[in-house]
């Protein structure tokens with residue numbers, strides 16, 4: 001009898017240990033978006049084969065994504081700098097590999113835009129080669145569901161070659177709803193083609209291929225610039241990479257011993273666009289000692305408010321985050337590359 005009691009205590013202890021272990025380590029179907037890193041852009045950028053050696057830093061900022069455990073999810077409740085997402089909210093229906101691949105394509109597009117924007121602002125010569133559009137996602141009802149893959153580059157449709165993704169989209173919109181179209185694309189360096197019908201796009205009255213896309217470009221300037229972001233993905237480092245490239249090709253010391261952080265997408269014309277998770281990026285920049293943080297001052301249009309009545313632009317979210325952590329870092333609103341350059345020149 002005594003033996004049974006001892007055995008039950010042992011089994012009970014083991015069971016309790018397993019429960020506690022699972023609470024701290026068992027992965028759930030939910031993910032946490034948390035403050036990531038703030039990293040010097042100079043380590044990723046070479047102009048004429050050289051890194052920037054001037055004192056100070058331009059910092060790109062990131063968010064961290066981690067799979068939640070019961071413990072980390074519970075701990076994050078009420079934390080303004082940690083956000084819980086379901087896997088579908090974060091990645092859609094993409095696999096982990098596809099999600100990372102898509103983020104790398106966004107980064108590649110961002111770095112090419114950064115080169116074009118920087119050389120244009122500096123009035124330096126550059127060339128831009130347009131190779132087509134990246135396939136970023138394929139809808140479940142698309143007739144191209146099993147014909148295209150994420151990462152394919154579409155170069156023409158019905159023999160029509162386009163100069164940007166907007167031309168591609170406009171061409172598709174002009175087609176009959178019952179049309180069958182032929183697309184030429186490249187996959188892993190090999191040229192391929194596929195045909196399919198248009199499908200109705202969700203939440204719209206329009207018909208299309210049922211794919212999400214972004215431009216596939218290659219920009220080269222004189223002097224030559226190379227940006228290698230390594231494992232960092234997404235488009236949000238666009239502005240900070242552009243400032244780094246611009247300061248090197250013009251030999252202007254915009255940093256002046258300061259640590260300048262920020263975020264925002266960059267368009268070839270220098271327009272700065274909004275990004276996600278800016279609160280976490282403010283946190284990461286402040287922790288790294290930044291004294292200036294550039295935040296996209298994106299316009300809140302009626303269309304945006306109709307889609308999301310609670311939408312708040314990036315600058316105001318960044319200001320709110322800075323106040324919560326009581327940082328002395330100055331949050332600077334920017335709509336364009338030129339605004340960021342002028343601020344650094346005059347302050």
Would you mind computing the Rg to Rh ratio of the chain from its alpha-carbon coordinates, Kirkwood style for Rh? 1.06
At 7 Å along the Cα-to-beta-carbon direction for both residue 167 and residue 345, put a label point, then send me their distance in nm to one decimal. 3.3 nm
Return the Rg/Rh ratio of segment 283-341 with Cα-based radii and a Kirkwood Rh. 1.04
For segment 130-217 (alpha-carbon point model, no solvent) the Debye-based log₁₀ I(q)/I(0) at q = 0.10, 0.19, 0.26 Å⁻¹ works out to -0.21, -0.80, -1.61
Based on the mean of other Cβ atoms within 10 Å per residue, sort peptides 53-62, 337-346, 104-113 so the most packed one is first. 104-113, 53-62, 337-346
Sort 310, 236, 247 so the one with the fewest other Cβ atoms within 10 Å of its own Cβ comes first. 310, 247, 236
Using label points projected 7 Å from each Cα along Cα→Cβ, tell me how many nm separate residue 26 and residue 310, to one decimal. 3.0 nm
Scaled by the rule-of-thumb 2.2 N^0.38 Å, the alpha carbon Rg for segment 169-288 gives a ratio of 1.50
Any idea what Rg and Dmax come out to for segment 100-162 if you just take the C-alpha atoms, in Å? 15.0, 46
Cα-Cα P(r), segment 61-200, percent of pairs per 5 Å interval: 2, 8, 13, 16, 15, 13, 11, 9, 7, 4, 1, 0
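Read-outs throughout are calculated quantities, based only on the coordinates presented, and are distinct from any laboratory measurement. Since this is a predicted model, take the numbers as computed values, not measurements. Using ideal geometry, Cβ is built from the backbone for each residue, glycine included, and neighbour counts are taken over all protein chains shown.
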